[in-house]
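The values are calculated or read from the model by the stated rules, or taken from the named source; none is laboratory data. Just so it is clear, the model here is predicted, and its values are computed rather than measured. Every residue, glycine among them, receives a Cβ derived from its backbone with ideal geometry; neighbour counts consider all protein chains shown.
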Amino acid sequence: MKNQESLKKYVKDGLFYKSVVEDGSDIIFIVDYGGNILYHNPSVEDTLGHEPGSLTGKNFFDFVEPETLESLRKVFKESTLKPYDENVEFIFQCKDLSFKYLEFNSINLHHKDNIKGLILDCRDITQRKKDAEELLRAQRAKEQFLANMSHEIRTPINGIAGMVNLLFETNSEQDRSHYLNAIKHSTENLKVIINDILDLSVIESGKLKFETIGFNIRYQLGAVIDTFIYQSKEKGIDLSYSISPEADHVLLGDPVRLNQILINLINNALKFTHVGEINVKVDLEKENDTDHWIRFEVNDTGMGIPPEKVDHIFDSFTQADESVTRRYGGTGLGLSIVKQLVELQKGSIAVESKENVGTKFTFTVPYKFGSEKDLINPGRSSKNKSVTHSFYGTRVLLVEDNDINRLYALNILKKWNCQIDQAENGYTALEKLKTNEYDIILMDVQMPIMDGYEATKTIRKTFPTAKNAIPIIALTANAIKGDNEKCLEIGMNDYLSKPFQPESLFDVMSKFIDEQEKPESDQLKIVDLTYLKSVCNNDENFMREMIATFVANTPEIISEMRQMADLGNWSQVSALAHKLKPSVTFMGISGIKDQVRNIEALAKTEDELVKVEQNIEEVTNTISMAISELEELAEII
């Protein structure tokens, strides 16, 4: 009670004035409607450096940052018409002539005491402004990073999509091989790009590592051109390339970075060329005892670049016209990326352009000349060699929850004649391991129910001696440093990053399993040509013609059948199975006769469609192996 009486007296006598106004942390100004300062508290010294009383008699607006003065006068005038105002931001000059961001709440004395003046309660918001600017900078950096990532990933994906469309349209096995090679090339580039994006240390430092490996410039450029065949055909643009004999060598450098440069420039040319052609030329510009400067020209007959825009064409987020983004999309980062990649390899790049005539980008990169022995696959041609290894009879437990990843690995292992068992998670894998024997386990890391880490620890700690030592290979899509080491720490024997190439899987498995060839007696067990020989009276020419027809036409039937199943066109699936039956009989592929009959009957009535899809998968795999056998047989008939 005594304390309350003391507090009332404190308020009544106005003693709080010193604590709140004189000694408070907020800056208090009393100004008239013209901005003349009649009073300010001592806090101006702590915040702004002005001595107590030094601003009295001066005009408030004389200390406002000039560029913001007009807008503040307007807001200040509005404050004189209100009883109070709040959160008015302004920039005020300090004693040392620097500026700080302040914010005031105002009380209008005219509305209460009929005095034309304002009490301005001001606080320092400089740090808040800096935090907001830093947040904006971080947001812009994030947006640039995401735009860069999107641009880099989208380009090879477009190439893959184009090749897939061409695969559906062609009947030629030679074209199929050509398009599949282009798809493989794009996926390899995509994998490298994604790995770089996910490597945060590279992104944050801005440093890119360049490889020095041997590559064939003709193969490299041809593969890049292949990825744009579909797009150029769609637009009616002639896309071609030429390489001078002086430049047609094995080069030592980074082929993936060269791909990125060429892909960006060709993609850019295709985007802005609607009539005419695009031509890529490669030549030797100069050389010395060690280095050879290879010059690349990408010429198009497109819309061209206005003269005033050419100097800025390599800037980030810059395109020749604001309408370009609206009409064509894109981020404006492509050419900036190209310039950085060229210059980081000690090269140079230039552009010449004329509106409505065309554009020529020229870049030069120094490479050393190599030889065939420097190639990763010496003698590699535009046709990739297939993996012909065999782990005949090897018992593999494949633990993978993703259907596509599992199908991919399954088909590779089947070609190597492995005995494969499958599990969709770690728990199922443990159950299978309790009752079965395996020579090796391929273990995905991230799975539902039980992940690969937990499954591996359980195998190592709780299973009997023979099984707790089985080789376990981690299949991991993680790209963060330390994840691979974690695989080894918890007891896995090795790891393989996804997506992987068949050769990479073979190399890892070979560390723990000896390669075993299929016994001679088992070499050709899918196909039996007895029936074919009987109907053609052993006419070898006729037999070779029948085999060639089957090999050429059957993959198209299978492909169409899978496509129709995806679209739910079951009547067409049934019709295609009916079409396939005689061919299977002629070639003696008895192992899938029942599946083909099931597909025809069940698809026609649309019953047990899950079984239909399973049978289609089995038929696809068997036909693939049968074709390989038939090709071998055709050579010895």
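Observations, loosely collected:
Conditions (1) among the small types (Gly, Ala, Ser); (2) over 25 Å from GLN127 (Cα atoms); (3) part of a strand (DSSP E or B), marked per residue:
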position	(1), (2), (3)
ILE28	no, no, yes
ASP46	no, no, no
PRO52	no, no, no
GLU67	no, no, no
SER71	yes, no, no
LYS77	no, yes, no
PHE92	no, no, yes
LEU97	no, no, no
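- Residue selected from the stretch 410-453 under the condition part of a loop (DSSP other than H, G, I, E, B), closer than 22 Å to ILE490 by Cα and among the polar types (S, T, N, Q), by the criterion modelled with the highest pLDDT: ASN425
- Scanning the stretch 51-73 for residues that are surrounded by 15 or more Cβ atoms within 10 Å (Cβ to Cβ) and in contact with a His (Cβ under 8 Å, 6 or more places away or on another chain) yields one hit, LEU55.
Yes/no per residue for (1) buried (at least 20 other Cβ atoms within 10 Å of the Cβ); (2) polar (S, T, N, Q); (3) touching a residue at least 12 places away in the same chain (Cβ under 8 Å):
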| residue | (1), (2), (3) |
| --- | --- |
| ASN537 | no, yes, no |
| ALA548 | no, no, yes |
| MET561 | yes, no, yes |
| ASN569 | no, yes, no |
| SER574 | yes, yes, yes |
| ARG597 | no, no, yes |
| ALA601 | no, no, yes |
| GLU606 | no, no, yes |
| GLU631 | no, no, yes |
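- The stretch 580-598, subset within 14 Å of ILE526 (Cα to Cα) and aliphatic (A, V, I, L, M), residue nearest to the chain's Cα centre (by Cα): ILE592
- Unique residue being of a type in the set (Phe, Trp, Tyr) and either touching a Leu at 6+ places or on another chain (Cβ under 6 Å) or in the same structural domain as SER172 (by TED's automatic domain parsing) (or both) when the list is PHE586, PHE550: PHE586
- Answer residue from the stretch 433-468, given it is out of contact with any strand residue (DSSP E or B) (no Cβ under 6 Å at 6 or more places or on another chain) and of a type in the set (Gly, Ala, Ser) and is farthest from LYS511 (Cα to Cα) among those: ALA455
- When residues of the stretch 288-321 are limited to those that are among the charged types (D, E, K, R) and under 16 Å from GLU355 (Cβ atoms), the one modelled with the lowest pLDDT: ASP321
- Meets criteria (in the same structural domain as LYS346 (by TED's automatic domain parsing), modelled with pLDDT of 95 or more and in a strand (DSSP E or B)) for GLU285: no
- Filter pass, ASN268 being under 16 Å from VAL338 (Cα atoms), touching a strand residue (DSSP E or B) at 6+ places or on another chain (Cβ under 9 Å) and surrounded by 18 or more Cβ atoms within 10 Å (Cβ to Cβ): yes
- Within the stretch 364-401, the set of residues being within 26 Å of the chain's Cα centre (by Cα), modelled with pLDDT of 80 or more and not in a strand (DSSP E or B) comprises GLU400, ASP401.
- The single condition among (1) more than 21 Å from ASN417 (Cβ to Cβ); (2) surrounded by 17 or more Cβ atoms within 10 Å (Cβ to Cβ) that GLY591 does not meet is (1).
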